[in-house]
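Student: Handing you a structure now.
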Amino acid sequence: MPNQSPTSVRKADHIRICLQENVQSGLTTGLENYHFTHQALPELNLADIDLTLSLFGRPLRAPLLISSMTGGTPGAASINRTLALAAQETGVAMGLGSQRAALEDSALASTFQVRDIAPGILLFANLGAIQLNNGLGVEDCQRAVDMAEADGLILHLNPLQEAVQPGGNTNFGGLLGEIETVCGALNVPVIVKEVGWGLSPGAARQLVGVGVSALDVAGAGGTSWTQVEMHRARNKSQRDIAAAFHDWGIPTTEAILHARKASPNIPLFASGGLQTGVDIAKCLALGATLGGMAGPFLRAAAISPERTIQAIQNIKRELKITMFAAGAGDLTELAQTPLTKK
């Protein structure tokens, strides 16, 4: 499409690469090391297992987040609408991709506008936190929220991706103070997430300290954005540098434990390599509030809304069966269910 901005072109590249290339981290999530104790006599009726919760004033029918993926390029509009339709049908939360492109070009705002088909979902707007050091401020954050009619704003942290991306923004100095300003100024919750390398204990404590409303740990073990940038590289040098970081990051399980220790009560979203409802159950037993997935839903959304709805329903069913077989009747009981570690 002619006259696309560099940001829009990059977003289109990201969609294509995530669908067509191997962008898996060289690390695992760590979830394979944790197991529930099977309960042969659960004293529960599977039909009565309760997955519901309420978060930021919105009811959810399952503790599942369609993690932030895309937007800002013409082809992303249909993907976001498919994801939103599926979220509305199944009662789960959804995060939009970075809205920077739409702040640069208002014609792209429609690629993030899904409220007309998903009036009841918990929906998060999204911007790169680094943009707060590059000219964006509170008003731009509010514009992103208003553009999407969102319930909250995700600010994502991606220093490693920016470092290997040609022309990336790498001045992260003083960013914590900018995040604090946004948290204090917006009238909606601010969630800070990594994009796939995890939050360290120090980062989690700092973010809780400046008033974020929730953390998305986004640990290593799923999509690696250095691998994505490797496929976007313009020359061998750039490819080699990006490839060197294929096994970088904090595995998802460690990141959950770090963040929960940093704040016993803050809502935690666990993402980074989750594939099944069993994975989500393990994350919730480790201390998460929601489990987030991106790749499985992007692949489904590229096919059809029906395939996306079915993918979510399958994950919800897997989660319910896991809770049944582990003896947890609801999410409160699941949070108190011990895991054994290899």
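Student: Counting just the residues of the stretch 301-327 that are among the hydrophobic types (A, V, I, L, M, F, W, C) and surrounded by fewer than 23 Cβ atoms within 10 Å (Cβ to Cβ), which one comes out nearest to I79 (Cα to Cα)?
Tutor: Going through the qualifying residues, I end up with A302.
Student: While we're here: Is there a residue in the stretch 102-110 that is buried (at least 24 other Cβ atoms within 10 Å of the Cβ), at pLDDT below 95 and touching a helix residue (DSSP H, G or I) at 6+ places or on another chain (Cβ under 9 Å)?
Tutor: yes
Student: Can you name every residue in the stretch 301-318 that is free of Cβ contacts under 8 Å to residues at least 24 places away in the same chain and in a loop (DSSP other than H, G, I, E, B)?
Tutor: The one that is free of Cβ contacts under 8 Å to residues at least 24 places away in the same chain and in a loop (DSSP other than H, G, I, E, B): I303.
Student: A further question on this structure: Report whether or not A125 is outside any loop (DSSP other than H, G, I, E, B), at negative phi and touching a strand residue (DSSP E or B) at 6+ places or on another chain (Cβ under 8 Å). Step through it out loud before you land on a result.
Tutor: On the way: outside any loop (DSSP other than H, G, I, E, B): yes; at negative phi: yes; touching a strand residue (DSSP E or B) at 6+ places or on another chain (Cβ under 8 Å): yes.
It is true that A125 is outside any loop (DSSP other than H, G, I, E, B), at negative phi and touching a strand residue (DSSP E or B) at 6+ places or on another chain (Cβ under 8 Å).
Student: Looking at the stretch 271-300 only, could you name the residues that are assigned to a helix (DSSP H, G or I), without any contact (Cβ under 8 Å) to a residue 60 or more places away in the chain and not aliphatic (A, V, I, L, M)?
Tutor: Those that are assigned to a helix (DSSP H, G or I), without any contact (Cβ under 8 Å) to a residue 60 or more places away in the chain and not aliphatic (A, V, I, L, M): G277, P296.
Student: Another one. Residue pairs, Cβ under 9 Å, 6 or more apart or interchain, first in the stretch 21-36 and assigned to a strand (DSSP E or B), second acidic (D, E) and modelled with pLDDT under 95. List them.
Tutor: Close Cβ pairs (under 9 Å, with a partner that is acidic (D, E) and modelled with pLDDT under 95) do not exist here.
Student: Conditions first: (1) in contact with a Lys or Arg (Cβ under 9 Å, 6 or more places away or on another chain); (2) assigned to a strand (DSSP E or B). G97 passes all but one, so which condition is the exception?
Tutor: Going through the list (1) in contact with a Lys or Arg (Cβ under 9 Å, 6 or more places away or on another chain); (2) assigned to a strand (DSSP E or B), G97 breaks only (2).
Student: Could I ask something else about it? So which pairs qualify, if the first residue must be in the stretch 252-267 and farther than 12 Å from L215 by Cα, the second must be surrounded by fewer than 22 Cβ atoms within 10 Å (Cβ to Cβ) and among the aromatic types (F, W, Y), the Cβ gap must be under 8 Å, and the two must be at least 6 apart or on different chains?
Tutor: T253/Y34
Student: Continuing with the same structure: Only one of these is under 25 Å from V9 (Cα atoms), modelled with pLDDT of 95 or more, buried (at least 17 other Cβ atoms within 10 Å of the Cβ) and charged (D, E, K, R): E229, E194, E180. Name it.
Tutor: E194
For every residue, the table says whether it meets (1) in a helix (DSSP H, G or I); (2) surrounded by fewer than 17 Cβ atoms within 10 Å (Cβ to Cβ).
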position: Q238; (1), (2): yes, yes
position: D247; (1), (2): no, yes
position: N265; (1), (2): no, yes
position: F269; (1), (2): no, no
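Student: I've got another one for you. Give the residue that is surrounded by the most Cβ atoms within 10 Å (Cβ to Cβ), with candidates limited to residues of the stretch 204-214 that are in contact (Cβ under 8 Å) with a residue 12 or more places away in the chain and out of contact with any Asp or Glu (no Cβ under 7 Å at 6 or more places or on another chain).
Tutor: L207
Student: When the residues of the stretch 289-309 are filtered to those that are under 17 Å from the mean Cα position of the chain (by Cα) and of a type in the set (V, I, T), which remaining residue is farthest from D330 (Cα to Cα)?
Tutor: The extreme case among them is T308.
Student: Within the stretch 270-310, can you find the residues that are closer than 19 Å to L96 by Cβ and in contact with a Phe, Trp or Tyr (Cβ under 9 Å, 6 or more places away or on another chain)?
Tutor: Residues satisfying the conditions are G272, L290, G291, G292, T308.
Student: Could you give me the residue pairs with C-beta distances under 7 Å whose first residue belongs to the stretch 218-241 and is among the small types (G, A, S), whose second residue is buried (at least 23 other Cβ atoms within 10 Å of the Cβ) and in a helix (DSSP H, G or I) wherever it lies, and which are 6+ apart or on separate chains?
Tutor: Matching pairs, first to second residue: G219/T252; G219/A255; A220/T252; G221/T252; A233/A242.
Student: Kindly indicate which of P189, P201 is touching a His at 6+ places or on another chain (Cβ under 8 Å) and more than 20 Å from A294 (Cα to Cα). Even if it seems obvious, please write down each step before you answer.
Tutor: On the way: P189 fails: touching a His at 6+ places or on another chain (Cβ under 8 Å).
After applying the criteria, what remains is P201.
The values are calculated or read from the model by the stated rules, or taken from the named source; none is laboratory data. Quantities reported herein were computed from a predicted structural model and do not represent experimental measurements. Reconstructed Cβ throughout: ideal geometry from the backbone, glycine too, with neighbour counts over all protein chains shown.
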